[in-house]
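Remarks on the structure that follows.
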Amino acid sequence: MRCRGKGQDTPSKKRDESAFEQARIEIENLKQAAKLGEIEVAYLDEAGFSCIHPNRNAWTPKGQQHLIPAIRGQRVNVLAALMSSGYLEDCMFYGSMTGARLVSFIKEVAEKYEKPITFILDNASFHTSQVVKEAKEEFEKLGVTLKFLPTYSPELNRIEKLWHTIKHHWMDVKHRTTKILEAELSGILEKFGSVYKFEFYG
């Protein structure tokens with residue numbers, strides 16, 4: 001018997017379906033504008049990577065336990081934007097994510113592109129911080145628009161799929177030191193689009 005308790009609802013059961021559908025339609029319109037070459041759409045998010053590999057299914061001989069040594073090390077964070085033109089803009093860092101770091105990253109990305117950019121991102125506290133709000137005028141001058149997703153709508157942000165693919169398909173299941181973790185991540189990010197390919201249809 002499988003039981004579902006409080007706090008175990010799926011995101012789709014918690015979200016406002018009307019707001020979700022409206023955001024989905026708006027993103028589809030943005031994607032069409034990008035296809036026409038009018039704008040860039042940037043799916044932005046950050047993810048943390050640990051020396052202890054995330055759990056996933058594995059085959060193990062009967063009677064044995066599947067084990068990976070849990071060697072702790074410093075967590076490596078990546079802030080990235082998956083661009084509609086196929087590029088991945090990224091910044092690897094240690095420590096906490098902040099609004100100031102986000103503002104700096106968005107400005108750096110915007111300066112590389114001639115077209116206006118709409119960044120799609122969730123409502124994490126550092127995405128909606130005062131520092132980000134105060135950068136609105138600077139963003140407008142750079143042709144930057146921030147499109148915030150409704151809560152519990154991770155499937156509307158394409159980069160969420162990228163994080164999953166990196167962690168569960170492109171990285172081997174093994175223990176790592178912080179140095180090895182950083183080197184592997186750097187290799188994947190640098191070779192994105194050539195060795196490591198990731199495509200969406202529609």
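What tally of residues in segment 188-202 results from selecting those that are in a helix (DSSP H, G or I) and either in contact with a His (Cβ under 7 Å, 6 or more places away or on another chain) or surrounded by 14 or more Cβ atoms within 10 Å (Cβ to Cβ) (or both)?
First, the residues of segment 188-202 that are in a helix (DSSP H, G or I): 188-190.
Now restrict to residues that are either in contact with a His (Cβ under 7 Å, 6 or more places away or on another chain) or surrounded by 14 or more Cβ atoms within 10 Å (Cβ to Cβ) (or both): 188-189.
The number of residues fulfilling the criteria is 2.
Scan segment 145-166 residue by residue and report those that are buried (at least 17 other Cβ atoms within 10 Å of the Cβ) and touching a Lys or Arg at 6+ places or on another chain (Cβ under 8 Å).
PRO150, TYR152, SER153, LEU156
For segment 117-145, name all the residues that are within 15 Å of the chain's Cα centre (by Cα) and of a type in the set (A, V, I, L, M).
ILE120, LEU121, ALA124, listed by residue number.
Which of the residues belonging to segment 127-141 are touching a helix residue (DSSP H, G or I) at 6+ places or on another chain (Cβ under 6 Å) and surrounded by fewer than 17 Cβ atoms within 10 Å (Cβ to Cβ)?
From segment 127-141, those touching a helix residue (DSSP H, G or I) at 6+ places or on another chain (Cβ under 6 Å) are 129, 131-132, 135; that's our starting set.
Listed by number, the residues that qualify are SER129, VAL131.
For residues that are part of a helix (DSSP H, G or I) and among the hydroxyl-bearing types (Ser, Thr, Tyr), scanning just segment 1-38, find the one that is modelled with the highest pLDDT. Full working, then the answer.
Taking segment 1-38 as the starting set, the residues that turn out to be part of a helix (DSSP H, G or I) are 11-14, 17-35.
After this cut, where a residue has to be among the hydroxyl-bearing types (Ser, Thr, Tyr) as well, the list is 12, 18.
Values: SER12: 62, SER18: 95.
By that ranking, first place goes to SER18.
The values are calculated or read from the model by the stated rules, or taken from the named source; none is laboratory data. Given the structure is predicted, the values throughout are model-derived calculations rather than measurements. A quick note on method: Cβ atoms are made from the backbone with ideal geometry, for glycine too, and the neighbour counts reach across all protein chains shown.
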